[in-house]
Amino acid sequence: MSDASTLATETTAAARAVEAVKVYGSGETEVRALDGVDITFERGKFTAIMGPSGSGKSTLMHCMAALDNLTGGQAFIGDTDLSSLTDKELTMLRRDRVGFIFQAFNLVPTLNAIENITLPMDLARREPDQEWVDSVIATVGLQDRLTHRPNELSGGQQQRVAVSRALASQPEIIFADEPTGNLDSRSGNDVLKFMREAVDDLGQTIVMVTHDAKAASFADRTVFLADGLLQGEMLNPTADQILDYMKILQVGQFVKGIPEGATMEEVLEYMKDLDD
Amino acid sequence: MTLLRYSLRSIAGVKVRFALTTLAVIVGVALTVGVLISTDGLRASLNDLSGKIYEKYDFTVRAASDVGDRNEGVPLLPPELADEIASTDGVEAVAGLAQEFNVVAIDGDGNAIEPGVGRQLGFGWPESEVLSTIYVYDDGISRQPVGPDEFAIDHFTGRENGFIIGQRYDVATPGGTFDFELVGYLYFIDPETRVTLQIVAWDMPTARQLLHDGGGYDLIHGKLSPGASFEEVVAAIGGRLGPDIEVISQQENINESNQEFASNINLLRNLLLAFAVIVLIISGFITYNTFTLVMGQRIRELGLLRVLGAERRQIAQVVAVEALLVGIVATILGLGLGIGVAFGIRGALDSSGAHLPDSDLIIGGWTIVAAVVIGIGVTMVTATWPALQARRVTPMVALADDPEIDPFNRRRALIVGSAVGVVGLILLLVGLLAGLSTSQIVIPLGVGALLMLLGVNIVAPALARPMSLILGWPADRLFSINGRLARLNAARNPRRTATTASALMIGLAMVSLVTVLGTSFKQTLNDQLKDSVEADWLVCSGGCNNAEGALS
């Protein structure tokens, strides 16, 4: 794909957040879901966002994907500052520049597979690039299922439709929210492989929120979020490394006695003692 | 295209609900269309009849319009006047007309002929054949009555009541009840047409004696000689007429007659349209509720469309397109069904005793415009609010656990709903108590009732939770877990519960409406009778129908 190489060679970030703050409620019930997050997602990379429940990872994704507004700070898609856009412009941006994959598949139940796949382009009244759509469908192996409605498809097949929908319009960036959360491990693996291929072969940029270390291990880079703050990141981690790091984050929240500024090795050592 | 397909399949997904919704609109459209078609047809055939009635009369001499009410009786024209007019240049023929209402024939069993919906007319057979509008019925034995001992009766009344030609019957006239020999059946204008009249006729001298105590004519009709003009003849005879007498042309006769028919038709049409309007208001509520409900069920899908890049406009369009489709289907089917309704109305009129001239089925341009405006208008207008709500769906709705666009505000619903209801109530009271005339009363009453219905609709969700908890208590106790689930489920989504309940509410309102209307009509008739009868005794011929109520 010629697009792939050009996308990959561009140096600007596909998306980034600057001092991102999101507050829900007010007064007594105020919750700071994001408490000042700075992060950059590179083009042509597969990034995973991990963190325990309530860490703010989904909120971060929603705000970066133009689904929700930040309370403070800025979010960019390419060079576009989302806070400067009107509702209509945000809609256009979602339609033309962003793709989505959700945990609950989120297909339109009354439309069949191919109609769901081309829906974003239909909404934009844009002719789909048939060759590209065909190749995406062939990659995910949905050729025989195109005229089936979502309720006639398995969970794995539905999520492959959702992946195809996200890829079909060749967006600048795809946001995936727990894409394997509702799938058995085999179907989940398939979906993750497609996403990996989309990045490697097609130069697609993908940001995925997950709490599954196995899923995150497919990513080029995994960032960790807790309490609305960025805690750290790992490049090309294995699932085990991720699990270990997650433990630190979780344990660190309530176990006192870990010395301030402890290295990861020291913490792991400490935890081994705890296990015993 | 996909959005259109989405709309179509969404409708297909809740077929029954949409079918019922469409049916409600169809009934409203069909009633309106049926009323318009049948009254247009009625108007055409009555206008046609006016033309036929006055076709023979080039001019008519009568008591001037400002002398009394024609139905109450105006001064008669002296017979000599007819002779004078007949001798005027340019007049080919004249015929005096003598007629009186409430002339009742009594059948062989001694029963007076019931008037039914029509009027009972006594008539003098015109002495000029070219100016006669009544004819001998062509059955081989009927003939024109001649002399003081013979009469004829219209063939509808005659045959329906077993009048046999050659036998003697009593006829009650203003001059008293006498017996005559029936010598024939007659018809008015056209043997197949019956304009709710029952006609008894004698020859002219007998009729004048019986009906006018030997006096003159009600009208004198005239025919012009070939080549003579109406203006010349009026100028020539004008001088011989007193100040209380006028001459009118054929066209004036037809216009007056058409006007009289038109005002009766309009009365009938407005009465029938009032029913159509009530049905349409109810269909409006039903479509509103359906679209609100369906939109609520699909809110997550609409949110998803927003995520994938649908503009607010496109989301509103989805709802609008669905409303439009319902409207188009309702309009087309309503038009078709309306033709059937028109036949039904016509049949009802015919079975009430009127045999109106057959008329072509007239589907006027306005009828089609009305059907389109009503069918599409009602659905589009009532879908406007749900469509505006749909516009407010955000992408985050697709991801929320329990999505609701507009979190239900109990306080607001109670305040707004009560306010609307109270305004409606005030209007109702104003309408009822302010002593307005019948035509003025319609607006405050109609708007008031509509507002009260709206108010209840708005308040209903606020009451749904406490009501379902209270009313569900016995079910909870009696049916253990099922009862509890039902009770809590009804309370969980008060809006949905209220919407479902309001469909029933409207149904009940409809039933009460019809019952109250029916009872009121009956009561009004009784009251009118009571007012008109001050006697202690009432003697009726052939049964008093509902008149007993007048005395009690």
What is the antiparallel percent of DSSP beta bridges lying wholly in segment B:96-242, to the nearest 5?
60 percent
For chain B, the percent of accessible surface on carbon and sulfur atoms (probe 1.4 angstrom, ligands and nucleic acids excluded) is 62 percent
Given 37 °C and 0.692 mPa s, compute D for the protein assembly as shown with the Stokes-Einstein relation, Rh being the Kirkwood radius over Cα pairs; round to the nearest whole µm²/s.
95 µm²/s
Inter-chain shielding metric for B:295-306, i.e. average beta-carbon neighbours from other chains within 10 angstrom, reads 3
Using helices alone, what [θ] at 222 nm do you get for chain B, with -39,500 (n - 2.57) per DSSP H run of 4 or more residues, divided over all residues and rounded to the nearest 500?
-20500 deg cm²/dmol
Relative to the longest principal axis of chain B, what angle (0 to 90°, nearest 10) does the C-alpha long axis of helix B:15-54 take?
20 degrees
How large is the accessible surface of residue B:125 in square angstrom, using a 1.4 angstrom probe and rounding to the nearest 10?
10 Å²
Based on the Cβ-Cβ distance of residue B:351 and residue A:84, what FRET efficiency does E = 1/(1 + (r/R0)^6) give at R0 = 60 Å, to the nearest 0.05?
0.20
On the formula 1/(1 + (r/R0)^6), with r taken between the Cβ atoms of residue B:170 and residue B:135 and R0 of 25 Å, the FRET efficiency rounded to 0.05 is 0.50
Connecting every pair of Cα atoms under 10 Å apart in chain A and solving the GNM, the largest mean-square fluctuation among A:30, A:178, A:89 falls on A:30
At 1.4 Å probe size, with no ligands or nucleic acids counted, give the accessible surface of residue B:80 in Å², nearest ten.
110 Å²
Report the equivalent ellipsoid semi-axes for segment A:2-237 in whole Å, largest first, defined as the square roots of five times the eigenvalues of the gyration tensor built from alpha carbon atoms.
28, 19, 18
Given H placed on each backbone N at 1.01 Å, which residues far from residue A:36 in sequence or on other chains put an amide H within less than 5 Å of it?
A:20, A:21, A:22
Under 5 Å between amide H atoms, partner at least 5 residues away or on a different chain: which partners does residue B:93 have, H built in plane at 1.01 Å?
B:223
To the nearest 100 Å², how much accessible surface do chains A and B hide from each other in total, with a 1.4 Å probe?
2300 Å²
Chain A: most fluctuating residue of A:172, A:127, A:28 per GNM, C-alpha cutoff 10 Å
A:28
Chain A: calculated mean residue ellipticity at 222 nm from DSSP helix runs of at least 4, using -39500 (n - 2.57):
-12500 deg cm²/dmol
Order B:495, A:221, B:306, B:168 by their accessible area, 1.4 angstrom probe, all chains in place, largest first.
B:168, B:495, A:221, B:306
Where does each of A:131, B:181 land when they are ordered by accessible area, with a 1.4 Å probe and the largest first?
A:131, B:181
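Can you pull a Stokes-Einstein diffusion coefficient for chain B at 4 °C (1.567 mPa s), Rh from Kirkwood over Cα pairs, as a whole number of µm²/s?
It diffuses with D of about 45 µm²/s by this estimate.
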Peptide B:79-86 - average C-beta neighbours from other chains (10 Å radius)
0
Residue by residue through segment A:46-63, which ³J(HN,Hα) values in whole Hz follow from phi under the Karplus form 6.51 cos²θ - 1.76 cosθ + 1.60 (θ = phi - 60°), with glycine and proline marked x?
10, 10, 10, 10, 10, x, x, 4, x, 6, x, 5, 5, 4, 4, 5, 4, 6
With every protein chain present, what accessible area does residue B:372 have (1.4 Å probe, heavy atoms only), rounded to the nearest 10 Å²?
60 Å²
Which whole-number percentage describes the relative contact order of chain B, with Cα contacts under 8 Å and a sequence gap of 6 or more?
20 percent
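Taking Cα atoms of segment B:408-515, Rg/Rh with Kirkwood Rh, to two decimals?
Ratio of gyration radius to Kirkwood radius: 1.12.
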How much of the DSSP bridge set in chain A is antiparallel, in percent, rounded to the nearest 5?
55 percent
Residues whose built amide H sits under 5 Å from the amide H of residue B:178, excluding neighbours closer than 5 in sequence, are B:171, B:173
Of the beta bridges DSSP finds with both residues in the protein assembly as shown, what % are antiparallel, to the nearest 5?
65 percent
Taking θ = phi - 60°, what integer Hz values does the Karplus form 6.51 cos²θ - 1.76 cosθ + 1.60 yield along segment B:497-506, in sequence order, with x for Gly and Pro?
4, 5, 5, 5, 5, 5, 4, 5, 4, 5
Compute the distance in nm between two label points, each set 7 Å from the Cα along the Cα-to-Cβ direction, one at residue A:23 and one at residue B:414.
3.2 nm
For segment A:23-32, in residue order, the Karplus 3J(HN,Hα) values (coefficients 6.51, -1.76, 1.60; θ = phi - 60°; whole Hz; Gly and Pro = x) are 10, 9, x, 8, x, 4, 8, 5, 10, 8
Ignoring ligands, DNA and RNA, what accessible area per residue does the protein assembly as shown give at 1.4 Å, in Å²?
49 Å²
A 18 angstrom limit on the alpha carbon distance is what I want to check against. Which of A:22/A:214; A:214/A:247; A:22/A:57; B:56/B:223 exceed it?
A:22/A:214
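The values are calculated or read from the model by the stated rules, or taken from the named source; none is laboratory data. In this text, all values refer to a predicted model and were calculated from it rather than measured experimentally. When we count neighbours, we look across all protein chains shown, and the Cβ atoms used for this are built from the backbone with ideal geometry, even at glycine. Calculation scope for accessible area: heavy atoms of the full protein, side chains included, ligands and nucleic acids excluded. Shrake-Rupley method; radii C 1.70, N 1.55, O 1.52, S 1.80 Å.
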